[in-house]
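Undergrad: The structure's right below; bear with me while I get my questions together.
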Amino acid sequence: MMTLRSYDMLGRIGEGGFKLLGLDEALDRRVPTCDELAGPSLLLWHGRPDRAVKDLLKGKTDLWILCAGKAPVLLQDDGAADGRSHGLPWGLSKESWQTQKWQRDRMKEFVESAQLCETGPPDWSLLAPPQVPEHVIACYLCALADVLPESVWQAGFEDEVEYWKSQEVQSVPQWNRGRPNAEILRKFLRGVGALVEGREGSKGNASV
Amino acid sequence: MLPCDVMIMPTCDVAEDATWCWHDVIKNRIQAFDDTCLALWLQRGAEVETFERRLRGVCEGVSRFSPSKMLESLEPFRTLPAAARHRVAAFLDASFARGFRPDEVASGLRPLVDQLLASLRRCRAAQSSSDRSQLLSECRRAATAVRAELEALPEGYWVPRPGRVNHRDGRA
């Protein structure tokens, strides 16, 4: 089982967040030492890895670090960590943690999966945000064909809409299994597409 | 305006190939390079061969713009009952057949592609610099014609718009 430690993540998600993740208390307020980390370990870190964290990664080869900030964290792989430090690909704050269900779901699944790992690395892919609105696309195609969407799509649909709403896409559709509105779904998807194209054209550095 | 919608995901491979051909190669190389740079580029066999292969792939694969192809890679559709899935696919195929004619698109594109690729081959084989210069100009003209056709293709899967699904949408 992978040991889970946290540095200052309380500032990101609050005590309720720790309980949701199955952690009884706010862990470490200081950088742990190698001796304190027995076996494969995952450190939840607020911010970019500093010198102390980088030294920790050098000293302990079965340590992985997830770095979170108020914006997506992009880490340069300088080779020292062998890919063992990973930036959270979405911004995390107390407010977003409370309002964005997909963030809580993903972090919970990631932590549970990591805790069940006997060796690393943790499954970073579980943290991917619901960027691809495939449930919304599926509903749109069903709306065009006059076919009812599946009720099991609702959770995925709402996750995707919530995520893109947080990215300020307009024309936000509501889940409506009875009569999905194709025109609203289309406007939403066009908004997502425009935002993605805009981002692809101007990628910059993320700040923590 | 194209009679279709752009879907950001999943990726339509023939749309990707078409965009790469007209943007990365025709626009940024064939049309942008001066004679010296273009002649040097043509000597890079592997890159030109890739361009030829992907360009021919677009000609042969225009039917893959069909939106029913998208259903195969959309995760939620795997939970849709088979009858409903077939109904959506059949509807999309029928709309596609009304609004996009792969045979016509291919028959318009193919001779222009043949002409361009023949020009590229002649350029590579040219011995004298005056022949080469003339052939490079011919190549650029042929590339411009191909680019116009490729730019008119959908940027993703061809998908009908709501409210227009029963109309005969022609290509823009």
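Undergrad: Can you give the angle from 0 to 90° between the axis of helix B:45-60 and the longest principal axis of chain B, with both taken from C-alpha atoms, to the nearest 10?
TA: 40 degrees
Undergrad: What FRET efficiency comes out for residue A:172 versus residue B:63 if R0 is 41 angstrom and r is the Cβ-Cβ distance? Round to the nearest 0.05.
TA: Working: r = 35 Å, r/R0 = 0.85.
Calculated value: 0.75.
Undergrad: Highest GNM mean-square fluctuation, chain B, Cα pairs closer than 10 Å: which of B:137, B:68, B:95?
TA: Sorting by GNM fluctuation, first place goes to B:137.
Undergrad: Just A:105, A:146, A:62 to compare: in a GNM of chain A, with alpha carbon springs under 10 Å, which one fluctuates most?
TA: Among A:105, A:146, A:62, the largest mean-square fluctuation in the Gaussian network model of chain A belongs to A:146.
Undergrad: Here's a follow-up. Could you run the numbers on buried accessible area between B and A, total for both chains, 1.4 angstrom probe, in Å² to the nearest 100?
TA: On the way: alone 9380 and 11370 Å², together 18700 Å².
In total, chains B and A hide about 2100 Å² from solvent.
Undergrad: Could I ask something else about it? Around residue A:101, what is the net charge, scoring Lys/Arg as +1 and Asp/Glu as -1 over all other residues with Cβ under 9 Å from its Cβ?
TA: Values: positive: A:104; negative: A:105, A:158, A:159, A:162.
Its environment carries a net charge of -3.
Undergrad: Treating the Cα atoms of region A:148-188 as identical point scatterers in vacuum, please give the log10 of the normalised Debye intensity I(q)/I(0) at q = 0.18, 0.27, 0.32, 0.33 Å⁻¹, two decimals.
TA: Normalising to I(0) and taking log10 leaves -0.47, -0.98, -1.19, -1.21.
Undergrad: Moving on. What's the whole-number percent of alpha carbon pairs in region A:46-163 lying beyond 26 angstrom?
TA: Values: 2334 of 6903 pairs.
Beyond 26 Å sits 34 percent of the P(r) for region A:46-163.
Undergrad: Report, to the nearest 10°, how far helix B:102-125 tilts away from the longest principal axis of the Cα atoms in chain B, using its own Cα long axis and a range of 0 to 90°.
TA: Relative to chain B, helix B:102-125 is tipped by roughly 20 degrees.
Undergrad: Also, I was wondering about something else. Over the Cα atoms of region B:74-120, what radius of gyration and what Dmax do you get, in Å?
TA: Cα-based Rg and Dmax for region B:74-120 come out at 17.6, 51 Å.
Undergrad: Also: Helix-derived [θ] at 222 nm for chain A: sum -39500 (n - 2.57) over DSSP H runs of at least 4, divide by residue count, nearest 500? Mind showing how you got there, number by number?
TA: On the way: 7 runs with 87 residues, N = 208.
Only helices count here, giving -13000 deg cm²/dmol.
Undergrad: How long are the three semi-axes of the equivalent ellipsoid for the protein assembly as shown, computed from the Cα gyration tensor as the root of 5 times each eigenvalue, in whole Å, largest first?
TA: 46, 32, 16
Undergrad: For labels at residue B:141 and residue A:52 in the simple 7 Å Cα→Cβ model, what's the distance in nm?
TA: So the two model labels end up 7.2 nm from each other.
Undergrad: Using a 1.4 Å probe on the protein heavy atoms, what percent of the accessible area of the protein assembly as shown belongs to carbon and sulfur? Don't jump to the answer; show the numbers that get you there.
TA: On the way: 8960 of 18700 Å².
The computed percentage sits at 48.
Undergrad: Another question about this same structure. With contacts defined as alpha carbon pairs under 8 Å and 6 or more residues apart, what's the relative contact order of region B:54-162 in percent?
TA: Details: 71 pairs, mean separation 42.6, N = 109.
Relative contact order of region B:54-162: 39 percent.
Undergrad: Something else: What residues in region B:74-108 lose 30 Å² or more of accessible surface when the other protein chains are added to their chain alone (1.4 Å probe)?
TA: Residues meeting the cut-off: B:74, B:76, B:77, B:79, B:80, B:87, B:88, B:91.
Undergrad: Using the heavy atoms of the protein chains and a 1.4 angstrom probe, tell me the accessible area per residue for the protein assembly as shown in square angstrom.
TA: Values: 18700 Å² over 380 residues.
With all protein chains present, the protein assembly as shown gives 49 Å² per residue.
Undergrad: Kindly give Rg over Rh for region A:102-208, based on alpha-carbon atoms, with the Kirkwood expression for the hydrodynamic radius. Let's see the in-between values first.
TA: Values: Rg = 16.3 Å, Rh = 15.5 Å.
Using only Cα positions, Rg/Rh for region A:102-208 is 1.05.
Undergrad: Percent of Cα-Cα pairs more than 20 Å apart in region B:1-150, please. List each step's numbers first, then the result.
TA: Details: 6096 of 11175 pairs.
It works out to 55 percent of all Cα pairs.
Undergrad: Given the options A:67, A:142, A:117, which has the most mean-square fluctuation in a GNM of chain A, springs set between C-alpha atoms less than 10 angstrom apart?
TA: For chain A, modelled as a Gaussian network with Cα springs under 10 Å, the answer is A:142.
Undergrad: P(r) of region B:3-81 in 5 Å steps, Cα pairs, percent per bin?
TA: Reading upward from the zero bin: 3, 13, 19, 18, 15, 11, 8, 7, 3, 2, 1, 0.
Undergrad: Let's see if you can work this out: charge +1 on each Lys and Arg Cβ, -1 on each Asp and Glu Cβ, no other charges. What is the dipole magnitude of region B:38-151 about its Cα centre, in debye to the nearest 20?
TA: On the way: 19 positive and 14 negative charges, 15 e Å.
Dipole size: approximately 80 debye.
Undergrad: Now a separate question. Between 0 and 90 degrees, rounded to the nearest ten: what's the tilt of helix B:82-99 against the longest Cα principal axis of chain B?
TA: 50 degrees
Undergrad: What's the Kirkwood radius of chain A in Å, using all Cα pairs?
TA: Working: mean 1/r = 0.0537 Å⁻¹.
Evaluated on chain A, it is 18.6 Å.
Undergrad: So if I take the alpha carbon set of region A:43-107, get Rg, then get Rh from the Kirkwood formula, what is the Rg over Rh ratio? All intermediate terms of the calculation are to be shown ahead of the outcome.
TA: On the way: Rg = 12.7 Å, Rh = 12.5 Å.
Radius of gyration relative to Kirkwood radius: 1.02.
Undergrad: If you don't mind, there's one more thing I want to ask. Can you compute the FRET efficiency between residue B:129 and residue B:50 using 1/(1 + (r/R0)^6), with r the Cβ-Cβ distance and R0 = 22 Å? Round to the nearest 0.05. Walk me through the numbers on the way to the answer.
TA: Numbers: r = 27 Å, r/R0 = 1.21.
That gives a FRET efficiency of 0.25.
Undergrad: Given the rule -39500 (n - 2.57) for each run of at least 4 DSSP H residues, summed and divided by the residues of chain B, what is its mean residue ellipticity at 222 nm, to the nearest 500 deg cm²/dmol? Display every interim value, and only then the final one.
TA: Numbers: 7 runs with 101 residues, N = 172.
After summing the helix terms and dividing by residue count, I get -19000 deg cm²/dmol.
The values are calculated or read from the model by the stated rules, or taken from the named source; none is laboratory data. Values in this document were obtained by computation on a predicted structure and should not be read as measured data. All Cβ positions, even for glycine, are placed from backbone atoms using ideal geometry, and neighbour counts span all protein chains on display. Protein only, heavy atoms only, side chains kept; ligands, DNA and RNA dropped before computing areas. Shrake-Rupley method; radii C 1.70, N 1.55, O 1.52, S 1.80 Å.
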